[in-house]
Amino acid sequence: MKMIMLGAPGSGKGTQAARIKKHFGVPAISTGDIFRKNIADGTELGKKAKAYMDRGELVPDEIVIAIALNRIEEDDCRDGFLLDGFPRTVEQAEALDKRLADRGQRLRFVLLMEVPDVQLAERVTGRRVCKNCGLSYHVAHMPPAEEGVCDSCGGALHQRNDDREETVKNRIGVYNAQTAPLIGYYETAGILKHLDGTKGPERVFEDIVKVLTI
Ligand code: AMP
């Protein structure tokens, strides 16, 4: 099962990717997480990516494509994977299709999380993420049992640098300009599945299970 989560910042991609990973046992690969890990580790890649991320811009295609395509070559991806946050441009999508086609494979599903723009900024600025395991919460809609502490692993919650108000508007604009064209791209390919991301996380996940178990 090879699939992609598509959706604007704050549409719930990461939350649903974690659930899909747990339920279906597929590796969930977030290019954003790979960059954040590199930033935390102080690598050259992390230094390069940070400048773009802090401005809410996309990291250049040639960098992201190499990272994502290498990652899906790893052993755990042999039977399937879920990409969360890749591709984000038509060029990235074409590179992924080409790599899969070279191996006689193709994408099975693209899960599009639909949330109106007006709700996105509030969802992103209220997001808090576990520093340890990466699980996402929301201060109002999905708070942890104990403030600032991850329910799952007890790690400390924090706000991502690029989830601050100044950056979020830019990220949503970048999504609409550079990533939204992928909706037409995958619709044409006949693999796009629309999901109403405004429902609560449980209901959205039920809808995803229905789509994936057809
Ligand atoms: P995310 O965690 O998916 O919201 O990604 C955080 C940031 O990482 C994005 O705003 C981009 O700056 C960068 N990034 C992650 N994935 C990609 C991608 N596929 N293409 C370009 N930049 C990306």
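Computed extension length for residue 183-residue 121: 20.2 nm, one decimal, from 0.36 nm per residue of separation with the Cα-Cα distance subtracted. Distance between the C-alpha centres of region 97-159 and region 175-214: 15 Å, rounded to the whole angstrom. If contacts are Cα pairs under 8 angstrom and at least 6 residues apart, what is the relative contact order of the chain in percent? With pairs under 8 Å counted, the relative contact order is 29 percent. Could you provide, to the nearest whole Å², the per residue accessible area of region 28-128 with probe 1.4 Å? Heavy-atom accessible area per residue stands at 50 Å².
Here the peptides 196-204, 128-136, 37-45 are ranked by packing, the mean other Cβ count within 10 Å, and the order with the highest first is 128-136, 196-204, 37-45. Compactness check for region 65-214: Cα Rg over 2.2 N^0.38 Å is 1.15.
Running a GNM on the chain with Cα contacts under 10 Å, which residue among 55, 160, 103 ends up with the highest mean-square fluctuation? Sorting by GNM fluctuation, first place goes to 103.
Based on alpha-carbon atoms only, what is the radius of gyration of region 68-117 relative to the globular estimate 2.2 N^0.38 Å? Spell out each step's value before the answer.
On the way: Rg = 11.9 Å, N = 50, 2.2 N^0.38 = 9.7 Å.
So the Cα radius of gyration is 1.23 times the expected 2.2 N^0.38 Å.
Helix-only mean residue ellipticity at 222 nm, the chain, DSSP H runs n ≥ 4 weighted -39,500 (n - 2.57), per residue, nearest 500. What is it? Intermediate values should be presented prior to the final figure.
On the way: 9 runs with 98 residues, N = 214.
That calculation yields -14000 deg cm²/dmol at 222 nm.
If you wrap region 100-185 in the convex hull of its Cα atoms and look at it from every side, the mean projected area works out to 8.0 nm².
Distances longer than 13 Å among the Cα atoms of region 135-187: what percent of all pairs is that? Mind dumping the intermediate values first?
On the way: 940 of 1378 pairs.
Result for the distance tail: 68 percent.
The values are calculated or read from the model by the stated rules, or taken from the named source; none is laboratory data. Just so you know, these numbers come straight off a predicted model, no measurement behind them. Quick reminder, even Gly has a Cβ in these numbers, built from the backbone with ideal geometry, and neighbours come from all protein chains shown. Protein only, heavy atoms only, side chains kept; ligands, DNA and RNA dropped before computing areas. Shrake-Rupley method; radii C 1.70, N 1.55, O 1.52, S 1.80 Å.
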